[in-house]
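Engineer: The structure's right below; bear with me while I get my questions together.
The values are calculated or read from the model by the stated rules, or taken from the named source; none is laboratory data. Source: prediction; values computed, not measured. Cβ: placed from backbone, ideal geometry, glycine included. Neighbour counts: every protein chain shown.
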């Protein structure tokens, strides 16, 4: 805590010596306008608009409320595929637990990117257990901000690929609300209700969102394979008069969500997938995940001077989950479900047991209760100061004190199949499979200086992280945690993360930007595990010629040490231990184009086209052998798995004031499921796919909208992963229709 007080003291030093200055020239006023966007009381955006994006010195992308509403996606995978530089691989077809990569980072459970909601870390335990088994429900999110390159030096702890900030429903300026309901095949339903208002000194918003489905997969014996997820949100703001000398606001946010999903890690063999990709074996019929998430946030903003703002946020996130799912089969020897499905001929008896055609003996199936609770809390302060006479200058200084933990208290029950049903035959002692607490204490600070002069913007910055990681393992024989078999591991990290970005605006139609910064990801508690470190470069251009708007970026990430993780989600044991994977390079190109084909016409119709393309070349530069996870035996020059080389997304919309019809097509190149080079063997391959979605909206009146969305318009059958165990399908043809009423 003394460290925290010392950092906080340093934070306030610059405020004393800086006074207000009058900005006079055009470049100063434009830059000032950009900064003002960050200070809007009603939102928690980092970017705030597409205007802010085009003026940054690093690559960034802003998905506005209109962008998110275009196709009504509730799946983060589908939403983010349109963003250049983003790689994802699907798992459940609904996006309940996305696997997201930014510029070639490992996509497993989105564990190598900084995830935030309203500017606050939102992964269950961002430092000690960053695998994102909790992910904000996309249906309740208002906007999404993606920061890459030197754009995200301010945000950590993961600075290699980038950061994603999800913006929850903002407090409206006036009394307003909306109600939306949709229904689709597989008995899929979504319901949303929002109400909010702002007065002179008070504002609020409340939101309810529910999304549920019976699921598109079919158990051999029948049954629900879907989910039911509900979210509740409340924000309440008190503020002084806007014309007061020292403006202040205090906003309290509370969010709660709960989920029950009948989801499994058990996929299919290649032969069974080819026959019916939506099949589920009987042995997965007892699998179910139950989660609960609380978020509390208190945000204080003060503007002691016109050119100075100070925002302080205290936060506390609590997440609990128990994923009760099939882990292994024992017919004399325990075999993991991943090994069975990868080689059903060698493990034919175990494979036949999964099918449940005949009764089995007792205790054949091990179903693990992956019972974990997470705690994440902290306080962060960011000071923003504008100053300068001849030059517009801005200084941002931030500090954060953070604690998080993951408490594992797991057990493995034993089951048999009798008459086509999973029957529990042995109830295990709770805590007998995994019984440990992993925790982290971290202090982070950053400073970012911005100067604008005659079209040139420079943003040098630096970040500092000091982290203590601890694991207390009580062993499998001490469920009451007396400490009779306690082992303790600890790892300490101190790191400086510098970066600099530049943007030169030739004119209103053309600008050039670039930057270099240090990439970092914290290690685990495993002895000998180093931090992940890299040097990252980018160079790009933004342009607008005759209505053709776009961005072209090249990037190069040079890893001195890449970290791998032992995740059950990636076919490992689930220990979450991290291991050194040595040197690697990731390079690529990102392209974004926007054009309205009817811009020259005098009619009211518009036909905007958006194209995004990403090329990613990710390779190991060291030899090593990994016995867990997705890497396998690696030789220098091997490609990093689960990163598609080529991706593109094209969207076209025909619209006017009465209707909107949109089509979206996304292509994903074939990718590897294990490291390798040359042609991809079939057993380690996910084939390419091209999926088309469609949406239509009719604006019946100013208040009423009728809409319909179709995902996978041509009902393509395609594979998305061989993780966690066996082949998994993408979602089939899905259609929904609904109505929205706003006031």
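Engineer: For the stretch 578-660, please list each of the strands (runs of 3 or more DSSP E) lying entirely inside it that holds at least 2 residues being buried (at least 16 other Cβ atoms within 10 Å of the Cβ), touching a helix residue (DSSP H, G or I) at 6+ places or on another chain (Cβ under 9 Å) and on the phi < 0 side of the Ramachandran plot. Reasoning before the result, please.
Structural biologist: Values: elements: 578-580, 584-596, 608-620, 646-655.
Fully inside the stretch 578-660 and qualifying: 646-655.
Engineer: Can you work out which of the residues in the stretch 385-409 that are part of a strand (DSSP E or B) and over 27 Å from the mean Cα position of the chain (by Cα) is farthest from residue 454 (Cα to Cα)? Even if it seems obvious, please write down each step before you answer.
Structural biologist: Restricting attention to the stretch 385-409, the residues satisfying the condition of being part of a strand (DSSP E or B) are 385-387, 392-409.
From what's left, over 27 Å from the mean Cα position of the chain (by Cα): 385-387, 392-395.
On the way: 385: 20, 386: 17, 387: 16, 392: 10, 393: 13, 394: 16, 395: 19 Å.
Residue satisfying both the conditions and the ranking: 385.
Engineer: Restricting the search to the stretch 629-654, which residues are over 19 Å from residue 719 (Cβ atoms) and at pLDDT 95 or above?
Structural biologist: Within the stretch 629-654, 648, 649, 650, 651, 652, 653, 654 qualify.
Engineer: If you go through the stretch 448-455 one residue at a time, do you hit one that is in a loop (DSSP other than H, G, I, E, B), more than 28 Å from the chain's Cα centre (by Cα) and surrounded by fewer than 21 Cβ atoms within 10 Å (Cβ to Cβ)?
Structural biologist: yes
Engineer: Enumerate the pairs (first residue in the stretch 282-293 and on the phi < 0 side of the Ramachandran plot and surrounded by 22 or more Cβ atoms within 10 Å (Cβ to Cβ); second residue anywhere and in a helix (DSSP H, G or I) and at pLDDT below 95) with beta-carbon separation below 9 Å, excluding pairs fewer than 6 apart on the same chain, so at least 6 apart or on different chains.
Structural biologist: none
Engineer: Within the stretch 68-87, restricting attention to residues that are touching a helix residue (DSSP H, G or I) at 6+ places or on another chain (Cβ under 6 Å) and assigned to a loop (DSSP other than H, G, I, E, B), which residue is farthest from residue 694 (Cα to Cα)?
Structural biologist: Ranking the candidates gives 74 first.
Engineer: Among the numbered conditions (1) surrounded by 20 or more Cβ atoms within 10 Å (Cβ to Cβ); (2) within 29 Å of residue 197 (Cα to Cα); (3) at pLDDT 90 or above; (4) out of contact with any strand residue (DSSP E or B) (no Cβ under 7 Å at 6 or more places or on another chain), tell me where residue 97 comes up short.
Structural biologist: Tallying (1) surrounded by 20 or more Cβ atoms within 10 Å (Cβ to Cβ); (2) within 29 Å of residue 197 (Cα to Cα); (3) at pLDDT 90 or above; (4) out of contact with any strand residue (DSSP E or B) (no Cβ under 7 Å at 6 or more places or on another chain), residue 97 fails exactly one: (2).
Engineer: If only one of 193, 163 is surrounded by fewer than 17 Cβ atoms within 10 Å (Cβ to Cβ) and either outside any loop (DSSP other than H, G, I, E, B) or in contact with a helix residue (DSSP H, G or I) (Cβ under 6 Å, 6 or more places away or on another chain) (or both), which one is it?
Structural biologist: 193
Engineer: Any residue in the stretch 705-718 that is under 16 Å from residue 90 (Cα atoms), touching a residue at least 12 places away in the same chain (Cβ under 8 Å) and in contact with a helix residue (DSSP H, G or I) (Cβ under 8 Å, 6 or more places away or on another chain)?
Structural biologist: Checking the stretch 705-718: at least one residue is under 16 Å from residue 90 (Cα atoms), touching a residue at least 12 places away in the same chain (Cβ under 8 Å) and in contact with a helix residue (DSSP H, G or I) (Cβ under 8 Å, 6 or more places away or on another chain).
Engineer: Looking only at the stretch 349-371, filter to residues that are in a strand (DSSP E or B) and in contact (Cβ under 8 Å) with a residue 60 or more places away in the chain; which one of those is farthest from the chain's Cα centre (by Cα)? Working first, answer last.
Structural biologist: As a first pass, look at the stretch 349-371 and keep what is in a strand (DSSP E or B): 365-371.
Now drop any that are not in contact (Cβ under 8 Å) with a residue 60 or more places away in the chain, which leaves 365, 367-370.
Details: 365: 33, 367: 28, 368: 26, 369: 25, 370: 22 Å.
This residue is 365.
Engineer: Does any residue of the stretch 136-150 turn out to be buried (at least 24 other Cβ atoms within 10 Å of the Cβ), in contact (Cβ under 8 Å) with a residue 12 or more places away in the chain, in a loop (DSSP other than H, G, I, E, B) and in contact with a helix residue (DSSP H, G or I) (Cβ under 8 Å, 6 or more places away or on another chain)?
Structural biologist: Scanning the stretch 136-150, I find no residue that is buried (at least 24 other Cβ atoms within 10 Å of the Cβ), in contact (Cβ under 8 Å) with a residue 12 or more places away in the chain, in a loop (DSSP other than H, G, I, E, B) and in contact with a helix residue (DSSP H, G or I) (Cβ under 8 Å, 6 or more places away or on another chain), so the answer is no.
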